[in-house]
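Undergrad: Okay, handing you the structure first.
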Amino acid sequence: MCRNITTLRGLEPHATAEEIEAAARQYVRKVTGVQSLSDRTREPFEAAVAEIAAITARLLDELPERRQPPTTVPPLRRPEVQARIAAKAAASK
């Protein structure tokens, strides 16, 4: 459905809570069309992200291991994304 959501099952090391939340956030953005939160959208949006992240974590725990790792690396594991996050965090200090 969404090209930006990468496969989390089969990662080594296993998907982190942060990676699962990022995928849930992207999914909720895609299905709702909400890109920036307002006072009216923040609470239901964040509640949906939390629920979907919890469901995703449970699903990943319950599925059997993959025979092959995913072909794509999740964004949060990519050096260029980590650099962008670090720069943003440094700029906000």
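Undergrad: Using the per-residue mean of other Cβ atoms lying within 10 Å as a proxy for protection, in what order, highest first, do the peptides 78-86, 48-56 fall?
TA: 48-56, 78-86
Undergrad: Just to check I understand the Karplus step: with θ = phi - 60° and J = 6.51 cos²θ - 1.76 cosθ + 1.60, what whole-Hz values come out for segment 35-50, glycine and proline as x?
TA: Per-residue couplings from phi come out as 9, 10, 7, 10, 4, 7, 9, 4, 5, x, 5, 5, 5, 5, 4, 5 Hz.
Undergrad: Right, next: HN-Hα J couplings of segment 80-93 from phi, Karplus 6.51/-1.76/1.60, θ = phi - 60°, integer Hz, Gly and Pro as x?
TA: Values, residue by residue: 5, 6, 4, 5, 5, 5, 5, 5, 5, 5, 5, 5, 8, 7 Hz.
Undergrad: Got a sec? Charge dipole of segment 17-91, +1 on Cβ for Lys and Arg, -1 for Asp and Glu; which of P79, A24, L60 is way out at the positive end?
TA: Value computed over the given set: P79.
Undergrad: Using θ = phi - 60° and the Karplus form 6.51 cos²θ - 1.76 cosθ + 1.60, what ³J(HN,Hα) does each residue of segment 73-78 get, whole Hz, x for Gly and Pro?
TA: Running phi through 6.51 cos²θ - 1.76 cosθ + 1.60 with θ = phi - 60° gives 9, x, x, 5, 9, 8 Hz.
Undergrad: Could you give the size of the charge dipole of the chain about its Cα centre, using +1 on the Cβ of each K and R and -1 on the Cβ of each D and E, expressed in debye and rounded to the nearest 20?
TA: 420
Undergrad: Once every DSSP H run of n ≥ 4 in the chain is given -39500 (n - 2.57) and the sum is divided by its residues, what mean residue ellipticity at 222 nm do you get, rounded to the nearest 500 deg cm²/dmol?
TA: Computed ellipticity for the chain at 222 nm equals -19000 deg cm²/dmol.
Undergrad: When averaged across all projection directions, what area in nm² does the alpha-carbon convex hull of segment 17-91 cover?
TA: If you wrap the Cα atoms of segment 17-91 in a convex hull and average its projections, you get 6.6 nm².
Undergrad: Can you give me the relative contact order of the chain as a percent, contacts being Cα pairs under 8 Å and 6 or more apart?
TA: Relative contact order, the chain: 40 percent.
Read-outs throughout are calculated quantities, based only on the coordinates presented, and are distinct from any laboratory measurement. As the structure is a computational prediction, the values presented were derived from the model and not from experiment. Cβ coordinates were reconstructed from backbone atoms using ideal geometry, including for glycine residues, and neighbour counts include every protein chain displayed.
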